[in-house]
Amino acid sequence: MKIMSLKKTLATLAITGALATSAKATPSIINGEFTTNADGWSLINHSAANWQPGLGWDGEPGYFFVNDAGRKIPETSQLITDLVSGESYNISGYFRRESQNWADPNFQVLLDNESYFTAGGILGDGWTPFNFNYTACNNNALLRFQSQVTGDDAYSIDNIKITPEPSTIALLGLGATTIASSRRKRKP
């Protein structure tokens, strides 16, 4: 009797977790691959920045060059909507230092005025991946990319993505389903 009650409870948790996960709107980044242009992004202090048709991190055409050809801090930003307060998300993408003559480069990624990723002094021919986890404080967050934070340097960005992390309820449901199925297999 108790085993049957446990199975029902576990099944209910699994279904609840699956429904809670599927009912949420999924946040997304518009045009994070910069395939043909910079549509969907806001540009501040970008006198020399532009979309580039060259090969991005994945060998596919398109990336965005963040630069202002001066001492202002250029910024490329986008408002991410459909976040769930308290839920965790992974923000990822690629960046590349473009300038070779300046000694004090700095690149950073911010969400709602808080810096989550900073890089400086990286120079090379290739793209460098970045990623970090972010827990939403409300339903929207302003994602910002800045270069020339501490000096006159330029960076490019490509393949910017947001991925929801598995929710606790969904993980509990998955664990409950696994336990229930393993108990069924043990019975003769």
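The values are calculated or read from the model by the stated rules, or taken from the named source; none is laboratory data. Every value quoted in this text rests on a predicted model; they were computed, and no experiment measured them. Every residue, glycine among them, receives a Cβ derived from its backbone with ideal geometry; neighbour counts consider all protein chains shown.
Here is how the numbers come out for the structure above:
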{"item": "Number of the exception - A20 against (1) in contact with a helix residue (DSSP H, G or I) (Cβ under 6 Å, 6 or more places away or on another chain); (2) at pLDDT 75 or above", "result": "(2)"}
{"item": "Strands (runs of 3 or more DSSP E) contained in the range 32-109 and holding at least 2 residues at pLDDT below 85", "result": "42-44, 50-55, 61-66, 88-97"}
